Amino acid sequence: MGQMISFPRPDGETIHGYLASAGENRPGIVVIQEWWGLNDQICGVADRFARAGFNALAPDLYQGRVTQEPDEARHMMTGLDFPGATHQDIRGAVRHLQTLSGKVGVMGFCMGGALSIAAAVHVPEAAAAVCFYGIPPKAFADPAEIRLPFQAHFANNDHSFTKEAVDALEQAMHAAGATPEIFRYDADHAFFNERRADVYDAKCASLAWERMITFLAKNL
């Protein structure tokens, strides 16, 4: 359904991404990759958004690199310039979608979930954000600074982003006067990824999708 395109970053550099179109003046959503790269699964999520009526753009944060090996994925994620990805790549994607859409939101998984929080803090053009099981370092992006509609989905059996970390995120946002939608699932990290049979939970993924689409339809 979609295609690879090029679009400008705020600094004038060019980045590539996968665009799945729903039509002119439809709401937009930037889909932020996991640490594996811009793979078929993430492109499939963008296509799914397009079928649901959203223009979806997934920026290629790794510039063409994709892996299925955890050690290599960790190495690529560690080498990513997170401020650059946030302020340039993701912000550029939001701005590009604004030329095709109405309001534009951001969402992502794991590394992309952390970056969706970063975008909610640092990308002023974003109108809403959805995070799937990811939290950035507070020094880089403090969730208490989020001022736009925010929804998050976390797994109770997640050793990377624990219940305590999720509680702290929620408490910080409430203390700042925000009213986030935080959902917890009796599932494992990456439960939304249907290509990971070891952790995929169809029931939880379906419920999370329905909640997200309802949220985005309301706020975009």
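The values are calculated or read from the model by the stated rules, or taken from the named source; none is laboratory data. These figures come from a predicted structure and were not determined experimentally. Ideal geometry is used to build each Cβ from the backbone, glycine not excepted, and the neighbour counts take in all protein chains shown.
Observations on the model:
- Of all residues making up the range 147-165, the number that are within 18 Å of Gly108 (Cβ to Cβ) and of a type outside the set (A, V, I, L, M): 8
- Filtered residues of the range 46-66 (kept if over 17 Å from Val130 (Cβ atoms) and in a loop (DSSP other than H, G, I, E, B)): Asp60, Leu61, Tyr62, Gln63, Gly64, Arg65, Val66
- Just one of the listed residues (Ala50, Ala46, Ala73, Ala20) is within 23 Å of Ser160 (Cβ to Cβ) and either within 18 Å of the chain's Cα centre (by Cα) or at pLDDT below 95 (or both), namely Ala73.
- Check on Phe154, among the aromatic types (Phe, Trp, Tyr), outside any loop (DSSP other than H, G, I, E, B) and crowded, with 17+ Cβ neighbours inside 10 Å: yes
- Residue within the range 193-200 that is among the aromatic types (Phe, Trp, Tyr) and surrounded by fewer than 17 Cβ atoms within 10 Å (Cβ to Cβ) present: yes
- The residue that is surrounded by the most Cβ atoms within 10 Å (Cβ to Cβ), counting only those in the range 18-45 that are in contact with a helix residue (DSSP H, G or I) (Cβ under 6 Å, 6 or more places away or on another chain) and in a strand (DSSP E or B), is Ile29.
- Filter result (closer than 15 Å to Lys138 by Cβ and among the aliphatic types (A, V, I, L, M)) within the range 154-177: Ala165, Val166, Ala168, Leu169, Ala172, Met173, Ala175, Ala176
- Residue in the range 166-180 that is nearest to Met107 (Cα to Cα), counting only those that are in contact (Cβ under 8 Å) with a residue 12 or more places away in the chain and surrounded by 13 or more Cβ atoms within 10 Å (Cβ to Cβ): Pro180
- Looking only at the range 89-146, residues that are assigned to a strand (DSSP E or B), surrounded by fewer than 20 Cβ atoms within 10 Å (Cβ to Cβ) and modelled with pLDDT of 95 or more come to 1 in all.
Listed here are the residues, each with its yes/no results for (1) in contact with a His (Cβ under 8 Å, 6 or more places away or on another chain); (2) in a loop (DSSP other than H, G, I, E, B).
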position	(1), (2)
Ala165	no, no
Ala178	no, yes
Ala208	yes, no
Ile213	no, no
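- Every condition in (1) under 17 Å from Met107 (Cα atoms); (2) exposed (fewer than 15 other Cβ atoms within 10 Å of the Cβ); (3) in contact (Cβ under 8 Å) with a residue 40 or more places away in the chain holds for Ala190 except the one numbered (2).
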